[in-house]
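These notes concern the structure reproduced below.
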Amino acid sequence: MARVHARIADRRRDFLHKLSTRLVRENQTIVIEDLNVSGMLRHRWLARAISDASWSDLRRMLEYKAAWYGRDIIATNRWFPSTKTCSACGFRVDVMPLGTQEWTCRCGAVHDRDLNAAKNILAAGLAVMACGDEVRPTRHRLARHSSQSPFPG
């Protein structure tokens, strides 16, 4: 049983090494999301999948390999609402259940949850590179009792 577990761990580590090396070699700048993994492990349906993914090992490998190759790693703020923000217009949805995989913004853009988050994380990372730390896009919201558009005419 110990040999089986060791073989699985070796395969996972080998995959992470190959993936991190490929990402660092092919990209000058890599933007990652600083996730609260310990908090996510408390979610009973996702805990096993998250712990099996070895996200902390991947991040560690990306960081030291980026230093070797002279690449930039940018970690976005963990509280940045990458999933709930429309990558087309910047509108932010107040609540998005975990089971929602696709959503439509009020601007008409249809988003896959993960692809939309990836676009927003990249944009936030590039903004951090250009302007400095803690750059966040503007939030557009409608007032609860107002019929005015949040966008200037």
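The values are calculated or read from the model by the stated rules, or taken from the named source; none is laboratory data. The model shown is predicted, which means the values in this text are computed figures rather than measured ones. Quick reminder, even Gly has a Cβ in these numbers, built from the backbone with ideal geometry, and neighbours come from all protein chains shown.
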Query raised in the report: Of (1) farther than 20 Å from residue 127 by Cα; (2) crowded, with 16+ Cβ neighbours inside 10 Å; (3) touching a Leu at 6+ places or on another chain (Cβ under 7 Å), residue 31 satisfies all except one. Which?
Result: (1)
Query raised in the report: When the stretch 48-93 is examined, which residues are found to be without any contact (Cβ under 8 Å) to a residue 24 or more places away in the chain, of a type in the set (A, V, I, L, M) and under 30 Å from residue 105 (Cα atoms)?
Result: 49, 50, 88, 93
Query raised in the report: From the set of residues in the stretch 42-60 that are part of a loop (DSSP other than H, G, I, E, B) and touching a helix residue (DSSP H, G or I) at 6+ places or on another chain (Cβ under 9 Å), which is surrounded by the fewest Cβ atoms within 10 Å (Cβ to Cβ)?
Result: 43
Requested in this report: Name, by its number, the condition in (1) in the same structural domain as residue 132 (by TED's automatic domain parsing); (2) buried (at least 17 other Cβ atoms within 10 Å of the Cβ) that does not hold for residue 95.
Outcome: (2)
Query - Filter result (assigned to a strand (DSSP E or B), of a type outside the set (A, V, I, L, M, F, W, C) and more than 16 Å from residue 121 (Cβ to Cβ)) within the stretch 61-102 - result: 102
Query raised in the report: Which residue pairs have Cβ atoms closer than 6 Å, lie 6 or more positions apart in sequence or on different chains, and pair a first residue in the stretch 1-28 that is under 17 Å from residue 55 (Cβ atoms) with a second residue that is of a type in the set (Lys, Arg)?
Result: 20/65; 24/65; 24/71
Query - Among the candidates 78, 3, residue that is touching an Asp or Glu at 6+ places or on another chain (Cβ under 7 Å), of a type outside the set (Gly, Ala, Ser) and exposed (fewer than 14 other Cβ atoms within 10 Å of the Cβ) - result: 78
